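To keep things clear, I will list the structure first and then write my remarks on it.
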Amino acid sequence: HTPELTPVDKVPECAIAVDVLRATSTMATVLAAGGEAVQVFSDLDQLIQVSESWPAEKRLRAGERGGAKVPGFDLGNSPLDCTPERVEGRRLFISTTNGTRTLQRVQDAQTVIAAAFINRGAVVKYLLEMQPQTVWIIGSGWEGSFSLEDTACAGAIAYAVIEQTGLPTDEIAGNDEVINAIALYSQWQDNLLGLFHHASHGKRLLRLECYEDLKYCSQADTLDVLPVQKEPGVLKRY
Ligand code: MLT
């Protein structure tokens, strides 16, 4: 495996989209809670249009912009709202500022996965079993810029793969992004919530009184669920 953060090839065999705060944490939570699928959109109008064709009792519309819930939608982007009572048997139609766009950008890869800290173990297990030849780990960041929490999560995935395979360090030498991500994760692995407090989007969410979301998203390996793309833009439990 060669996990990378800055893609140069057209598409990898396996693309892992990361938006720890909070889109991919929400997606993993929905599927773990019995949601039928998660369908991602960059455009809110398109989401409304496509979801119209779905039975009302089988759908939920989630919309987030700038960290806040889009008025008129059933949900914003808080994983804590995605309880089994709310999501079981339903499809989540979701559009967020960055995370759903990232998934759309890589939808042509052979395998597309949504990853966060909460399902890191399931992602690593998949990589070790399937051994894809090229892997990108794509941090969603914020409107095109770097984010601490997504980079640390990419590092957490790479760190575990290296630790569990005993991959020689010269295999990753020269991949500055992945070395940087592993270093960031190594420094903060025992205090991910503390790292989120330093992150610009962590601060934004704290201003929006989403402390409980930060806390939830900072837990590692709590959900054994792997959201995998089944058709373009539609993720289901693997
Ligand atoms: C995003 O897609 O930008 C995020 O998930 C924003 C959020 O925290 O809701």
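The values are calculated or read from the model by the stated rules, or taken from the named source; none is laboratory data. These figures come from a predicted structure and were not determined experimentally. Note: ideal-geometry Cβ built from the backbone for every residue, glycine included; neighbour counts use all protein chains shown. Note: areas computed on protein heavy atoms with side chains; ligands, DNA, RNA excluded. Shrake-Rupley method; radii C 1.70, N 1.55, O 1.52, S 1.80 Å.
Between Asp190 and Arg105, the contour length at 0.36 nm per residue exceeds the alpha carbon distance by 27.4 nm. The angle between the Cα long axis of helix 120-130 and the longest principal axis of the Cα atoms of the chain comes to about 70 degrees, rounded to the nearest 10.
Output the relative contact order of the chain, whole-number percent, from Cα pairs under 8 angstrom with separation of 6+ residues. Before the final figure, lay out the partial values.
Details: 494 pairs, mean separation 75.4, N = 238.
After rounding, I find 32 percent.
A simple spin-label model places pseudo-atoms 7 Å from Cα toward Cβ; at Lys58 and His197 they are separated by 4.6 nm.
I'd like the carbon and sulfur percentage of the solvent accessible area for the chain, probe radius 1.4 Å, heavy atoms only, ligands and nucleic acids excluded. Mind dumping the intermediate values first?
Details: 4950 of 10570 Å².
That share works out to 47 percent.
With helices as the sole contributors, the chain gives -11000 deg cm²/dmol at 222 nm; each DSSP H run of n ≥ 4 counts as -39500 (n - 2.57), and the sum is divided by every residue. Rounded to the nearest 10 degrees, the inclination of helix 148-165 to the longest alpha-carbon principal axis of the chain is 50 degrees.
Once both labels are positioned 7 Å from their Cα atoms along Cα-to-Cβ, the gap between Leu80 and Glu212 label points is 0.4 nm.
Could you order peptides 58-68, 106-116 by the average number of other Cβ atoms within 10 Å of their residues, highest first?
Per-residue mean Cβ counts within 10 Å order the peptides as 106-116, 58-68.
Toward the positive end of the charge dipole of the chain, about the Cα centre and with charges on Cβ (Lys, Arg +1; Asp, Glu -1), which of Gln133, Ala173, Ala32 goes farthest? Of the candidates, Ala32 comes out farthest on the positive side. In the complete set of protein chains, residue-level accessible area for Ser42 is approximately 40 Å², probe 1.4 angstrom.
Using Cα atoms only, what is the angle between the long axis of helix 23-32 and the major principal axis of the chain, expressed in degrees (0 to 90) to the nearest 10? Between the helix axis and the principal axis of the chain, the angle is about 70 degrees. Ranked by the mean number of other Cβ atoms within 10 Å of their residues, highest first, the peptides 154-166, 89-101, 19-31 fall in the order 19-31, 89-101, 154-166. Based on the Cβ-Cβ distance from Leu44 to Asn180, what FRET efficiency comes out when R0 is 30 Å, to the nearest 0.05? Step by step, r from the Cβ atoms, then E = 0.30. Taken per residue, the accessible surface of the chain reaches 44 Å², heavy atoms only and a 1.4 Å probe.
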